[in-house]
Structures are given as C-alpha cells and as structure tokens.
Amino acid sequence: MKHWQLNKEDSGIVVAVLDRAGESTNALSTEVTDEFAQILDQLELYPPKGLIVRSAKAAGFIAGADIGEFSQLDTPEKGRALVARGWDLFNRLAAVKYPTLALVRGHCLGGGLELALACRYILAVDEPGTKMALPEVMLGIFPGWGGMLRLPQRVGPAAALDMMLTGRTVDAKKAKKMGLVDDCVPPRVMEMAARQLLLSNQPRRPLPFMQKLLAGPLKSVVANGARKQVARKARPEHYPAPYAIIDLWQQHGGNALAAPEVVDRIISSPTAKNLLRVFRLQERLKGFGKDGDFATKHVHVIGAGVMGGDIAAWCALRGLTVTLQDQSLERIAPAIQRANTLFKKKLREPLKARAAFDRLIPDPTGSGVAHADVVIEAIFENVEAKHALFRSLEPRMKPGAILASNTSSLRLEDLRTALARPERLVGIHFFNPVAMMPLVEVVEAEGADPAAVRAACAFVKQIDKLPLPVKSTPGFLVNAVLAPYMLAAMRAVDEGVAPETVDEAMLAFGMPMGPIELVDTVGLDIAMAAGRQLADGAEAPRCLLQRVEKGQLGKKSGQGFYAWQQGRPQKGATAAVPAGLAEKLVQPLVDRTQRLVAEGIVADADLADAGVIFGTGFAPFTGGPLNRLNSSR
C-alpha cells in the first residue's frame, strides 16, 4: 500500500500506521480511505486479536479530510458520495468484532477524530500538541462521517454540540475528563498503555442518566438551547452549517445521508465556498512565517501600556522569555496584573500559569535588550521620542536581532532616520485586544532588509499569529480601510440615523460588531486622531466632535455614543434599517481596499481580503470585501 503500513505483532495485535505519501501531515484522501477499506477486508479474512490505528507523522494523527478534494465537489452527487465514503467506512470500522484503538498523538481533527470515534477505544498522548476537534463548521460544512452520531454518545449531547458548533479544540486532559478519550498517558508509556487498553475488554464509561435523557426524550430541549446560542453569533442566511448540524443530530441521529437535500444545500452553498477560501488565505498567511533560519527565545518590549503590556503577556503565554521595560515598576505593574489574568484564563492549570508568569520579567532598566532576539518598541506615537529610544537601543542589541516598532500611524521611513542601520527596522503591528486578534501586520519600509522582514514574519508565526506583509504607509492596510468605514457610519449619525440602527445594519450584513460600537471601543479621541491622518482631509463628523469636546471618549470613559456598564454598551431599541444603508457604509471600505492593492501596499487582492477579514472581522462568509465585489459582478 502507498499510504498505510500494516504490522502484525507476535501477540496477534495488528498496527495500522498512516504515513500519507509525499505530505507532511496526514489527511483522509480517497486513496487513503480506499486503502483503509482494503485493510478491513484483509482483517475480515484473518481477524486479529486487536487493531491499533496510529500515525507515523511527527505533526500528529490525522488533520481531517483532504481539503483539495472537497474544493472539487461541483455537483450534488459528488457531495453525497463524499459523505457516503466516510460514513460507510467508519460504520464498518465501528462494527468489527475485534477490539480497535486509536492512538492519538498530536492533532486529531475533523475526519481524523471521526475515525478515532469509530474505534472502541481512544488513547490520547498527553503533550502540548495533542488537540482534538471537529472544526468542519468553520469551513461551512458538517462532520458527516459519524461525528454527529458518535461524539454525543461519548460525551453527551450538550458538550458534543458545543464542540461541533464552535470547532473548539480540547487537549488530552480535557478530552479524558469529558469522556472523549478513554485514557490520557505521557509519551513514554503510550505503547504499553495502548496494548493494555486494547486487550482490557474495559467497558466504555456510561453516560450519566441525565445525559441519556438529553440524548433521548429531552433531545428537543438541547436542540432548542443550541439554536438560541448559535443565533446570538450567526444568522442562518449567513452561516447555515451550524443550524444543519443541530437539525441532523436532532432529526436524523447524525446521519446526513438521511437528509440528502441538507447535504446538497450545505456543500453547494456560497458560504462553504467562501469559508474554504478563507481557510486557504489563512494557510497562505501562515506560509509567510516559514523561515527556518530564525527562532525567537527572548523578546524585549519597551512600553508597558495596554498594547505593549499585552504584547509582552502574549509572547510569555506562547512560551518565550519576555522582559518588559518602562520608566518604573509602578508603570509596569498594571501590565503584569493583566498578564496574570490572561495566563489563568488561557492556561487554567496553576503550574502552567505560574510558569508563564515567571517568563514575564519587569525590566525598568532595559537590561534585557542585550539578550533579546526581538526588540519591540510600543511607546506613545511621537517621532522624537522614538528617535531617542532607537539611538539608545541600537548599540546594545545583539547582531541579527530584530528591531521592531508597533506604531499604528507613523511612517517607518520617518522613524528609522535615527538608526546607523536603518534597514534593520521593521513594523510589527498588533491589534487590540492582542489576545483575541489573530492578525499582525509586518511592515516593510522602502529599502528594508528582506531578511529582517522574513525574520519578523517567522516571529509572528512562532507566537501563533498570522503575519501579513504590508508596505509602510499611514494606517498600513487594516486601519486604513477601517477609517473611511467608521467615518461613513458617523456621517450617517450626523444625518439623523440612530447609532443603534447603524450598528444593526452592519450586524445584519455580517460584521461581528457595529461600527459605532467599534468607535466607542477604540476610543473617540483615537478615532479623531486617526481620522485626521487617514480620512483624506475630510472634516470630522459633528457627532464625534461634540462628544470629544464633552470628554465622552467611549468605553474607557463610560460614555461615548453609548453609555457603558460593566464593559457592555447600553443600547436602545433599533428602528427599521433604511434600505441600502449597509451597502452605503461598506462601500468606502471596499474602495480603500481596492486603492491599497492598486498602490502595492498589500501584494494582491487575496492578501487584502485576508487582512481585512482577520484584522477587522469583515464577514468571513463573503470571502472578503474584494471577493464579494467580484462575486456580485
């Protein structure tokens, strides 16, 4: 066989090892599943004492179905055939008489988890890379190879729907706790533990009585609750897949083939096509960080304000040693407190949170500069202050280290004049809140050292962000396209449209947050300053000027366009949205995006779409502003 190796041990156990030819990760292509069917044919003739399914790849178990094959489903018949292929194969695996076990080390996603669920036992290896998920909903589709049937049977319907409707990953320990896997062991004992469990005849942990009720007579209660949860975040006309998952589980026991019309509708939907495009754009962004020559161990951040402090915290969370510099320990303390909250929330295990906390080192004297692989400047937006800082930093930095600015509004060409080697300065522009926003713009000034830009992209990928290369210009890509969009929204308020109505128009369009709420969140003073630079000389809207004059600066002051209580805007009732309002508001964003592509600020339309989706939250189901524009023509 091309992709599988079959090893029979003296004990009578057979080990099927997946090593997909010519690929760094395993995916369930037609060839791979056809060969697995041949394995089951052989074992039907000569039944083993037990079967272990595992991966030969260092990257993990199985990353899911072959995305390339999914993109070729241009007819309903092909879509149904794809679903039937995995559904029938894994049902066959689940029905064999001999015990079966999936040994999961590393990622186990989508079809890979569905294969594991069809085994009698799942053994997870407890290490950081072991992650399990059914993320199909993020591609606008559903787990049609048995996940909707078997996951609720293992973990209960509420937990299963939560995983399927969010695409959320769980690690090995969480998977054991929730009953997704039968056991979780360290790598050193996984071989022995796999064979012991396989031959143990151990019964699966039964679902608690209440979970059985929720999976049976009370199914509608769970389904209705899930629909309400989904409706808070996704409208069915934009994202039909989560609603289909609930319906297929509730009405057809997770068997999509029992509802072929649903299969046809979901797989052929524009949403699935566009979310597949977004996935590919994300992979392209990750590709910019694949520079094997540069690895970061130590980051030094100057400026412990909200941005600098949160950048430092994120880097420490991702395993790097971080020194955080400001004028005094008192200035650094609030950043350390926020970091502690982040570590506890993200890591949960006290020892891991403590280790991250220990990696974040207050450094008011700046002694960390000499040891850092990456030095990030995140002080206030003032050219002279940055010049003075760069003059003091450059002589102390080690050779080959990256010098980066997190500036959001100043040109790198103006900042680097203070440097003896100006070509070494790059922009590494994070977005607020740092922990939530996946995109980081890597800014290249004219004449920058290409090696420094590549190294900056590698650093961004190392901390699990998406690097987007852009040229140096005011606002770069993301802020430059947001400015005219927010300006148009405030002009609508000047024209008498209520802020709530403006926001509702864009929520209905598919934005994650309305533009007026976004202005309040960013800060009206910041919006005013950015507008002067990025609005092509247009006058500030009256509604913005009036509020800034009164000190109503948005969320941070408790009052902006909305009153804010406990971090939430207090909105009034929404009036009927005027026809065409959403298109009117989004058009300036589209126009500016096109202009930035034409000017070469971002390399092409695909990367512009990627930047606007991951940097602003622009409705992913559209495939991006320029893709939406081209699709409507």
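Nothing in this text is a laboratory measurement; each read-out follows from the coordinates by a stated rule. This structure is a prediction, so every number in the text was calculated from the model and none was measured. Cβ: placed from backbone, ideal geometry, glycine included. Neighbour counts: every protein chain shown.
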Grab the Cα-Cα distance for Val383 and Gln327, subtract it from 0.36 nm times how many residues apart they are, and report the gain in nm with one decimal.
18.3 nm
Along the stretch 513-520, what does the Karplus equation 6.51 cos²θ - 1.76 cosθ + 1.60 (θ = phi - 60°) give for ³J(HN,Hα), rounded to whole Hz, x for Gly and Pro?
8, x, x, 6, 4, 5, 4, 4
Take every DSSP beta bridge whose two residues both sit in the stretch 4-268, then give the antiparallel share in percent to the nearest 5.
25 percent
If you fit an axis through the alpha-carbon atoms of helix 581-598 and take the longest principal axis of the Cα set of the chain, what angle between them do you get, 0 to 90°, nearest 10?
80 degrees
Determine, from the Cβ-Cβ distance of Arg235 and Lys346 and an R0 of 41 Å, the FRET efficiency 1/(1 + (r/R0)^6), rounded to the nearest 0.05.
0.90
Over the chain, the sum of -39500 (n - 2.57) across DSSP H runs of at least four, divided by residue number and rounded to 500 deg cm²/dmol, gives at 222 nm -14500 deg cm²/dmol
Given R₀ = 35 Å, what would the calculated FRET efficiency be for Asp358 paired with Ala451, taking r from the Cβ atoms and rounding to 0.05?
0.65
The stretch 447-525: chymotrypsin sites (Phe, Trp or Tyr not before Pro) falling in loop per DSSP and having at most 12 other Cβ within 10 Å
none
What chymotrypsin sites (Phe, Trp or Tyr not before Pro) in the stretch 365-454 are in a loop by DSSP, with at most 11 other Cβ atoms within 10 Å of the Cβ?
Phe380
Of Lys2/Lys57; Lys233/Lys465; Lys290/Lys386; Lys174/Lys344, those spanning more than 25 Å from alpha-carbon to alpha-carbon:
Lys290/Lys386
When DSSP beta bridges are limited to those with both residues in the stretch 429-587, what percentage is antiparallel, rounded to the nearest 5?
50 percent
Of all trypsin sites (Lys or Arg not before Pro) in the stretch 411-461, which ones are in loop regions per DSSP and have a Cβ with at most 16 other Cβ atoms within 10 Å?
Arg411
Going highest first, how would you order 395-406, 211-222 by mean Cβ packing within 10 Å?
395-406, 211-222
Once phi for every residue in the stretch 316-333 is put through the Karplus expression 6.51 cos²θ - 1.76 cosθ + 1.60 (θ = phi - 60°), the whole-Hz ³J(HN,Hα) values, with Gly and Pro written as x, are 5, 4, 7, x, 8, 7, 10, 9, 10, 10, 7, 5, 7, 5, 4, 6, 7, 3
Size of the dipole of the chain about the Cα centre, Lys and Arg at +1 and Asp and Glu at -1 on the beta carbon, nothing else charged, in debye to 20?
1900 debye
Kindly work out what percent of the DSSP beta bridges joining two residues of the chain are antiparallel, to the nearest 5.
25 percent
